[in-house]
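Notes for the one structure printed next.
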Amino acid sequence: MTTAVADSHEAHEDHGPAKGLTRWLFTTNHKDIGTMYLIFSLVMFFVGGAMALIIRSELATPGLQFVHPEFFNQMTTVHALVMVFGAVMPAFVGLANWMIPMMIGAPDMALPRMNNWSFWILPVAFGMLISTLFMPGGAPASGWTMYPPLVLQTGDAFPFLIFSVHLMGLSSIMGAINIIVTILNMRAPDMWLLKMPMFVWTWLITAYLLIAVMPVLAGAVTMLLTDQFFGTSFFLAAGGGDPVMFQHIFWFFGHPEVYIMILPAFGVVSEIIPTFSRKPLFGHDSMVYAASCIAFLSFIVWAHHMFTVGMPLSGQLFFMFATMLIAVPTGVKIFNWVATMWRGAMTFETPMLFSLAFVFLFTIGGFSGLMLAVAPADIQYHDTYFVVAHFHYVLVPGSIFALMAGAYYWLPKWTGHMYNETAGKWHFWLSTIFVNLTFFPMHFLGLAGMPRRIPDYSTQFTDFNTMASVGAIGFGVSQLIFVYVLLTAKKGAHATDRVWEAPRGLEWTVPSPAPYHTFDTPPKLRVAQESFE
Amino acid sequence: MIRKSLLSVLGLTGASAAHADWALNMPKGITELSAETYDLHMMVFWWCVAIGIVVFGVMIFSLFKHRKSVGAEPASFSHSTTAEVLWTAIPCVILLIMAVPAAETMIRLEDSRDPDVSIVVTGYQWKWHYKYQDEGVEFYSSLALPSVEARPKQSGVDPFSVENYLLEVDRPLVVPRGKKVRLLMTSNDVNHAWYVPELAIKKDAIPGIINEAWFRAEETGTFRGQCAELCGKDHGYMPIVVEVVEADAYQAWVDTRKAGDAQVAQMEK
Ligand code: HEM
Ligand SMILES: [Cu+2]
Ligand SMILES: [Cu+2]
């Protein structure tokens with residue numbers, strides 16, 4: 001198996017990477033594009049992180065210390081847009097680019113030129129979004145949810161906001177099409193659908209979600225654009241429009257969007273936990289069904305973000321029941337991970353540590369999600385720090401930790417060297433401690449009634465805010481360790497092809513570092529798996 | 001001023017202890033429905049704790065017992081239909097147990113029929129306007145002066161020295177105890193949300209739409225809240241204060257307000 005790959009690689013030596021900048025600008029290689037996605041998302045993670053630290057510094061004590069309320073609102077808005085569309089989503093697309101072809105035995109992505117496009121649109125989109133900070137009237141300040149009529153009060157930044165969202169959507173849709181076509185057409189001949197690794201499965205489902213909802217978002221923001229400039233009144237009450245309709249359309253996109261950010265994370269930890277438990281993934285097929293179920297349900301729960309807008313009773317009850325139902329397949333996932341660890345032989349390298357923290361802390365976010373699903377209680381929690389705590393638990397120790405886990409897991413495959421394990425462990429422990437210090441107290445703030453998106457607060461909220469701010473700064477600084485790990489990634493010992501003791505996917509049959517071209521001839525899954533026995 | 005003197009006569013002034021200094025949990029509130037909401041919240045919370053103990057318990061046990069360093073040998077099972085059916089079915093049952101009382105409370109929350117007092121609440125950037133429908137009383141309610149003076153950057157005023165910093169208004173909403181008060185919410189500009197934790201009310205005030213919420217306060221006192229929907233730069237500076245007083249004090253307040261309004265109208269002529 002391995003030799004077959006190496007042979008075909010040698011035969012194509014002339015197809016190595018081009019030299020210099022053009023390699024990156026014109027590349028159609030899935031590994032190059034994956035690398036660019038990952039680096040881009042890391043940069044965005046730090047840009048969005050810097051904004052978060054501005055927010056947390058201002059909120060460390062009551063009274064305004066550093067910024068004006070206008071700028072504070074710009075920070076919350078741009079922070080969220082950058083983190084959602086610039087950090088988490090592109091990072092998962094980066095992993096998909098690197099790993100999906102190697103996991104299914106394909107030579108590259110199915111549509112390589114489009115792949116190049118999907119990536120290079122992103123720097124343009126975010127260049128545009130971030131440039132609005134320097135425009136008259138400042139950056140958008142209406143929250144990432146862009147509710148009208150408030151969003152229509154945005155200054156010169158308004159059309160730039162809309163177009164950058166269009167571009168982000170375009171990039172996501174093209175990426176999603178590419179992933180679907182690749183997975184459905186380019187698998188190793190004996191890899192039928194239910195044999196696909198979990199990461200490939202969750203990405204397949206995610207890609208369908210993306211194709212279904214990104215156009216909806218594009219439609220919603222286009223209607224904002226025409227309301228602002230072309231005299232329409234989709235969302236303007238004065239012209240017979242309905243401001244609430246925007247919220248329905250936005251959340252029809254928005255709720256599947258949160259699953260777009262978590263399903264690939266499920267996939268990553270479903271790869272890592274079996275490897276370090278030395279035991280096959282428990283209930284592979286039921287994991288697939290659970291993920292599909294979650295994806296389906298995610299289309300019929302959107303109005304749980306809108307329990308306070310004044311829906312009819314029947315609507316509120318429907319969305320409450322449907323939302324509570326999502327807890328069932330989500331629970332199945334968690335139980336399956338625990339069952340995978342059960343009676344395994346675990347070791348605790350950095351990727352496993354991040355995955356374990358993922359299971360613990362994502363579950364806490366799931367619990368607060370269940371509490372939020374209960375409509376009468378949500379009326380109390382809604383738009384308070386309780387919601388902020390909920391979504392940061394599912395997104396930071398959820399999505400981001402899964403990304404970190406994936407990065408550590410596959411880094412030796414990418415670089416051909418083991419990373420610095422001590423630094424990795426420090427990164428993990430500091431991140432875990434500080435992430436909890438940052439976000440756990442926010443539950444209490446929300447329950448005590450502190451609204452979200454405010455630059456200053458009443459004095460009884462001081463202690464927990466100070467705690468959260470200390471945690472946030474600690475978390476931010478801890479991420480520099482990750483940069484250190486990346487910068488020294490090629491200094492460690494040479495990695496073997498299989499890197500870890502017991503991973504089982506096709507990606508571990510190719511050499512480390514993975515050659516520029518892999519699987520020019522399709523592998524046989526069965527042969528590969530026998531070679532692992 | 002009128003309010004201050006009137007209420008001090010009745011012995012109702014000052015900040016109430018309604019907002020404890022270090023609140024950890026949702027307040028039980030002062031209405032039947034706020035107590036029900038609190039009970040729901042605690043019920044779901046305890047279910048989560050229970051599920052958490054089981055799941056995390058199994059996981060932690062496994063983390064200690066099934067590690068390679070203590071010589072664990074990996075098993076190779078990857079299916080168990082019994083387990084999978086159980087951990088799908090049991091959560092469904094638990095959810096049903098939660099959903100029934102939640103639905104009951106939801107139904108009661110929406111029943112705003114036959115109110116004793118109706119007040120139109122209109123959100124403005126960045127203050128509230130209250131209009132008592134039957135009494136002909138109306139007024140704006142904005143952030144109180146001490147907070148206004150303390151809030152700017154480098155104001156030189158320590159927020160801790162301001163009583164109820166950011167949670168005090170010039171003119172609070174006054175309502176009678178024990179009466180069904182219906183709020184009709186709308187907005188003059190962008191979306192706002194009227195939120196008072198102790199009344200378990202949070203409802204969006206949206207231009208072009210009239211939303212309803214209702215409460216029946218069972219205790220007198222001062223209860224504070226804030227706008228809960230991002231509405232622009234001073235979103236953090238449009239608090240809500242509700243004073244619940246006995247019915248006769250409420251009537252006296254309405255009369256004084258009316259007389260005051262008449263006087264102002266006279267003077268303006
Ligand atoms: C057990 C599963 C989950 C349930 C039942 C659930 C439920 C909810 C509910 C009801 C809200 C609305 C709260 C409010 O605004 O009043 C909410 C908000 C949110 N959730 Fe979840 N959630 C779950 C999982 C997730 C996951 C996996 C993610 C993302 C990775 C996520 C991300 C978010 C975000 C970003 C918001 C806030 C959006 C905003 O208002 O800006 N949730 N969730
Ligand atoms: Cu949602
Ligand atoms: Cu507001």
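List of remarks:
- Matching residues, the stretch A:22-49, being without any contact (Cβ under 8 Å) to a residue 40 or more places away in the chain and over 14 Å from A:Pro123 (Cβ atoms): A:Thr22, A:Arg23, A:Asp32, A:Gly48
- Residue within the stretch A:124-141 that is without any contact (Cβ under 8 Å) to a residue 60 or more places away in the chain, hydroxyl-bearing (Ser, Thr, Tyr) and surrounded by fewer than 20 Cβ atoms within 10 Å (Cβ to Cβ) present: yes
- Residues (more than 13 Å from ligand 1 (Cβ to nearest atom) and touching a Lys or Arg at 6+ places or on another chain (Cβ under 8 Å)) located in the stretch A:278-328: A:Arg278, A:Lys279, A:Pro280, A:Met287, A:Gly310
- Qualifying residue in the stretch A:385-405 (condition: open to solvent by less than 20 Å² (accessible area, probe 1.4 Å), within 12 Å of another protein chain (Cβ to nearest Cβ) and in contact with a strand residue (DSSP E or B) (Cβ under 9 Å, 6 or more places away or on another chain)): yes
- Every pair of residues 6+ apart whose Cβ atoms lie under 6 Å, when the first sits in the stretch B:218-235 and is in the same structural domain as B:Tyr195 (by TED's automatic domain parsing) while the second is among the small types (Gly, Ala, Ser) and more than 16 Å from ligand 2 (Cβ to nearest atom): B:Gly221/B:Ser16; B:Gly221/B:Ala18; B:Thr222/B:Ser16; B:Phe223/B:Ala18; B:Ala228/B:Ala193; B:Glu229/B:Ala193
- Checked against the criterion of being of a type in the set (Ser, Thr, Tyr), facing chain B (nearest Cβ under 9 Å) and within 19 Å of the chain's Cα centre (by Cα), the stretch A:343-365 has at least one qualifying residue.
- One residue stands out among those in the stretch A:293-303 that are open to solvent by 30 Å² or more (accessible area, probe 1.4 Å) and either more than 14 Å from chain B (Cβ to nearest Cβ) or within 13 Å of ligand 2 (Cβ to nearest atom) (or both): the one that is nearest to A:Val269 (Cα to Cα), which is A:Phe296.
- Flag for B:Pro152 being under 30 Å from A:Gln65 (Cβ atoms), more than 16 Å from ligand 1 (Cβ to nearest atom) and within 14 Å of chain A (Cβ to nearest Cβ): yes
- In the stretch B:89-136, the residues that are small (Gly, Ala, Ser) and either under 19 Å from the mean Cα position of the chain (by Cα) or at positive phi (or both): B:Ala102, B:Ser112, B:Ser118, B:Gly123, B:Gly136
- Matching residues in the stretch B:123-136 - criterion: being under 20 Å from B:Cys231 (Cβ atoms) and either more than 14 Å from every other protein chain (Cβ to nearest Cβ) or away from ligand 3 (no atom under 13 Å from the Cβ) (or both): B:Lys127, B:Trp128, B:His129, B:Tyr130, B:Lys131
- Only one entry in A:Ala188, A:Ala212, A:Ala238, A:Ala265 is part of a helix (DSSP H, G or I) and open to solvent by less than 40 Å² (accessible area, probe 1.4 Å), namely A:Ala265.
- Any hit, the stretch A:308-315, residues being open to solvent by less than 10 Å² (accessible area, probe 1.4 Å) and away from ligand 3 (no atom under 16 Å from the Cβ): no
- Index of the failed condition, A:Gly231 passing every other in (1) open to solvent by less than 60 Å² (accessible area, probe 1.4 Å); (2) outside any helix (DSSP H, G or I): (1)
- Qualifying residue in the stretch A:256-267 (condition: of a type in the set (Ser, Thr, Tyr) and in contact (Cβ under 8 Å) with a residue 60 or more places away in the chain): no
- Of all residues in the stretch B:187-231, those satisfying the criterion of being more than 21 Å from A:Tyr381 (Cα to Cα) and either within 16 Å of ligand 1 (Cβ to nearest atom) or facing another protein chain (nearest Cβ under 10 Å) (or both) are B:Ser187, B:Asp189, B:Val190, B:Pro207, B:Gly208, B:Ile209, B:Ile210.
- The residue list B:Ala213, B:Ala228, B:Ala205, B:Ala193 contains one member that is away from ligand 3 (no atom under 16 Å from the Cβ) and either among the small types (Gly, Ala, Ser) or in contact with a Phe, Trp or Tyr (Cβ under 8 Å, 6 or more places away or on another chain) (or both), which is B:Ala213.
- Selected residue (only one of A:Phe250, A:Phe235 is within 16 Å of ligand 2 (Cβ to nearest atom) and within 14 Å of another protein chain (Cβ to nearest Cβ)): A:Phe250
- Long-range neighbours under 7 Å by Cβ, at least six apart or interchain, first residue outside any helix (DSSP H, G or I) within the stretch A:419-447, second small (Gly, Ala, Ser): A:Tyr419/A:Ala489; A:Tyr419/A:Gly492; A:Asn420/A:Gly492
- Residue in the stretch A:505-522 that is outside any loop (DSSP other than H, G, I, E, B) and surrounded by fewer than 19 Cβ atoms within 10 Å (Cβ to Cβ) present: no
The values are calculated or read from the model by the stated rules, or taken from the named source; none is laboratory data. None of the values given here were measured: they were computed from a predicted structure. In this analysis, Cβ positions are derived from the backbone assuming ideal geometry, glycine residues included, and neighbour counts consider all displayed protein chains. All accessible areas refer to the heavy atoms of the entire protein, side chains included, with ligands and DNA or RNA removed. Shrake-Rupley method; radii C 1.70, N 1.55, O 1.52, S 1.80 Å.
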